[in-house]
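Coordinate-derived values only; no laboratory data. Fair warning: this is a prediction, and the values are worked out from it, not measured in the lab. Counting neighbours? That spans all protein chains shown, and the Cβs are built from the backbone with ideal geometry, glycine included.
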Amino acid sequence: MTLVVGVDIGNSTTEACAAEIGEDGLITYLAGALARTTGVKGTTENVAGVVEVVRDALAAAGRAPADLDTILINEATPVISGLAMETITETIITESTMIGHNPDTPGGAGLGVGTTVSLGELPGRAPGSPVICVVGAGVDYERAAGDINAATARGVPVTGAIVHGDDANLIANRLRRPIPVVDEVTLVEKVPLGMPAAVEVAEPGRTIRTLSNSYGIATVFQLDPEQTRMIAPVARALVGNRSAVVVRTPTGDITDRRIPAGSLTLIGETARRVVKVDAGAEEIMATLRGVRPLADAAGEPGTHVGGMFARVRDTMSELTAMPVGEVRIKDVLAVDTFVPQRVTGGLAGEFALENAVALAAMVRTSRGPMERLAARLRAELGVRVLIGGVEADMAVLGALTTPGVGRPVAILDLGGGSTDAAVTTARGQVESVHLAGAGDLVTSLIDSELGLENPGLAEEIKKFPLAKAESFFHIRMEDGTARFFDEPLPPDAFARVLVLTDTGMHPIPTRHTMEKIRQVRRAAKERVFVVNALRALEQVAPRGNVRQIGFVVVLGGSALDFEIPDMIAQAVAEFGIVSGTGNIRGTEGPRNAVATGLVAHYTAARTAEEPAHALG
Amino acid sequence: MLSGDLHDRRADREKRTRPTVVVRYRPVPANRRCLRELGAGLEEEGVPFRAEPVGEDSTARELAYGAALASDLDVGVGVDAAGNTCVHHAKLPPEVPALAGPPSAARGMGHNAARLVVGIPFKTIDQ
């Protein structure tokens, strides 16, 4: 009997599988263990994590460390991935033409048109032409309402109001003649005075009709066709709001500017193409397909993408002592996304959804300092350390221990930094591919699309289902079922969307609905994992034909996700393939494939070398 | 018998006041401003309330819980002699109020008492 431990050093976790190999080559699997990878995969920093996981696996197996014969480690090559986000559009309001935020409680209802006048100037205003009153910061609602009533009584028709504080209803309720009031305009002092303006507030539950319609604005301000063409973007920006203000200034405008985001150079083995990042993800990916297999890529210096590529190269060169010039970008994934951004020139903190392109890149070397790592391990643990076969081959061997899996089999390893795939043919040859873009990119998409600026929370939204707190004692889950509690929920959770993590419920401090957050989460997973799964299978499949693969086993940390495996199964269903989450050795789930494969590979090699033993 | 029952219930309903948030406060002069701010917060959110002065000396939390029990909307606000405010819900345990704040937070407490009724997330209170 020989006691061995197979150790798989991954990007984020280090996994071990302890087993005993009999003289007849029969493997008895004893236990598995898991720890965080210390340092970057494939470097000597990994030693601490490996020592921990070997100790844990032996303890779980009930074996003494002294009995350990051999540690088998995988040929772990460092894979480093980088992420960058390039915003490619920008909304700019010039001359404070409009206010298009959505205050919780605007006051009154209807449309008011007139010249903008500050509250202080109201008493000096001559009767006659209608005015829109602008109420600055710190003015009490009683005084504002009193002054407006006094002006109206004097024959100065006040037809609408723009207010700094959260006072709209308080003012509207005290007016003798009802007018629309838009409040919470934080930069109210920047509203241009003496200009024609229109204020519109819709009834609760409705949206504005006049100011969101180009011809509505044209009617209000008596615009000619040329001027109407100019004002059209304002109308478009106000669609869907419950309240709005439009001020007619001489050259006021709202523009949708495209930001030059630089270009990306994709160098294939035979071709070299340049693509503009602001052309969008589809264009970038089409160009990439045109030059595949990718030999290297470069981003324009001074752009986010250029910076990201430089960062990835530098990190890899530091780790492997390779000159920066020799580090090659092996894959790029581009995803179209949108980012809520504060509108430049906005008066009330308006946000606009801007287009952006997210990019993931990956570098990989075959020259990992594995020998140094093995020597350090030998010194630390005092046992034989063998560097086993190629990672992909080992993963395939491990995957084959899943009950019900047969050849030809493909594995999809969904990790944090990269998506890997390998396929084995009936003759036992293994083809593998490593693609950029995985769990970390999904987290980053969720973070930016929801405007969270909190990667920790985005990570939780990715991993756990949502619910909404409907009272202090019950929550409604995503699928409509309710759950009740004996203890009241904390006040900061009240009426909020919550993410149900394994450490408790965490409120999501945004105004997004549960449906919206769910949709963003699922779309991010689709755009990264489903796209990459198909891209990977296409590249490893015999003659590029995915139908030739019989079985797909989904492995890796992201295979534990509650919806990703289902999405992938659905996406490959049309190819007539059996696809599912792996269950290594029938017990480990999608984990431990490489560690198990190492033990199986070592045993097979030993038995082949010593046929006499195997027979005896 | 049946019709009698119906009649009684209708009469009952007429006697009842319209559903409001109940605000119970210690009637000291300093609380005038606090009450005005509380009321402004509730009014801005469009939720009706009624204010009741209370004679005995109680904490804001005790006043708020009593007020919540008296409210048809199950939401009450208490204001103690120092102007501290507390928002309570009748379904919560008496010792666990929904929110509590100093006199300077009165406007925000009014907003949030209303939001407790309407069922939308609380406003961050700037004091």
Quarter of Cα convex hull surface for the stretch A:327-466, i.e. mean projection, nm²
14.1 nm²
Given C-alpha coordinates of the stretch A:31-105, what is the ratio Rg to Rh with the Kirkwood estimate of Rh?
1.48
FRET efficiency for A:THR251 and A:GLU380 from the Cβ-Cβ distance with R0 = 56 Å, rounded to 0.05, comes out at 0.20
Give me the distance in nm between label points sitting 7 Å out from Cα along the Cα-to-Cβ direction at B:THR124 and B:ALA70, one decimal.
3.5 nm
Ratio Rg/Rh, restricted to chain A and using Cα atoms, in which Rh is the Kirkwood radius
1.11
Take A:ASN545 and A:ALA59, extend 7 Å from each Cα along the Cα→Cβ direction, and tell me the distance between the two endpoints in nm.
5.3 nm
In what order do A:PHE562, A:PHE473, A:PHE494 fall by count of nearby beta-carbon atoms within 10 Å, going from fewest to most?
A:PHE562, A:PHE473, A:PHE494
Write down the Kirkwood hydrodynamic radius of the stretch A:531-593, to one decimal in angstroms, obtained as one divided by the mean of 1/r over all alpha carbon pairs.
12.1 Å
Backbone N under 19 Å from the A:ASP336 label point (7 Å along Cα→Cβ), restricted to the stretch A:501-519
A:519
Quick one: length gained pulling A:LYS516 to A:MET230 fully straight, 0.36 nm per residue minus the C-alpha distance?
99.7 nm
Count charges around A:GLY388 for me, please; just the other residues with Cβ under 13 Å from its Cβ, Lys/Arg as +1, Asp/Glu as -1.
-2
At q = 0.22, 0.23 Å⁻¹, work out log10 I(q)/I(0) for the stretch B:21-118 with the Debye formula, treating every Cα as an identical point scatterer and leaving solvent out; two decimals please.
-1.00, -1.10
Going by C-beta contacts inside 10 Å, put B:HIS88, A:HIS512 in order with the fewest on the left.
A:HIS512, B:HIS88
Amide N proximity, the stretch A:446-474 versus A:LEU353 label position 7 Å along Cα-to-Cβ, cut-off under 13 Å:
A:449-451
Subtracting the Cα-Cα distance from 0.36 nm times the residue separation, let me have the gained length for A:ARG328 to A:GLU563 in nm, one decimal.
81.3 nm
Of the listed links A:LYS525/B:LYS123; A:LYS276/A:LYS462; A:LYS41/A:LYS330; A:LYS463/A:LYS525; A:LYS516/B:LYS91, those spanning more than 21 angstrom between alpha carbons are A:LYS525/B:LYS123; A:LYS276/A:LYS462; A:LYS516/B:LYS91
Projected onto their principal axes, the Cα atoms of the stretch A:96-254 stretch, largest extent first, over whole-Å spans of 40, 34, 25
Linear extension gain, A:ARG289 paired with A:ILE387, 0.36 nm per residue minus alpha-carbon span:
31.8 nm
What nm distance separates the two modelled labels at B:ASP57 and A:GLU487, each placed 7 Å from Cα along Cα→Cβ?
3.5 nm
Amide N of the stretch A:91-111 lying under 19 Å from the label point, which is placed 7 angstrom from the Cα of A:PHE221 along Cα→Cβ
A:91-101, A:111
Pop the C-beta distance of A:ALA523 and A:GLU269 into the FRET formula with R0 = 51 Å and round what comes out to the nearest 0.05.
0.95
How big is the Rg/Rh ratio for the stretch A:14-166, C-alpha atoms only, Rh by Kirkwood, two decimals?
1.62
The FRET efficiency for A:ASN173 and A:ARG143, from their Cβ-Cβ distance with R0 = 22 Å and rounded to 0.05, is 0.90
Per residue of A:487-496, what is the mean number of Cβ atoms on other protein chains within 10 angstrom of that residue's Cβ?
5
For the residues A:LYS468, A:LYS190, A:LYS41, A:LYS330, what sequence is obtained by ranking on other C-beta atoms within 10 Å, fewest first?
A:LYS190, A:LYS468, A:LYS330, A:LYS41
What are the ³J(HN,Hα) couplings of the stretch A:259-266, residue after residue, when phi is run through the Karplus curve with 6.51, -1.76, 1.60 and θ = phi - 60°? Round to Hz, x for glycine and proline.
8, x, 10, x, 10, 10, 9, 10
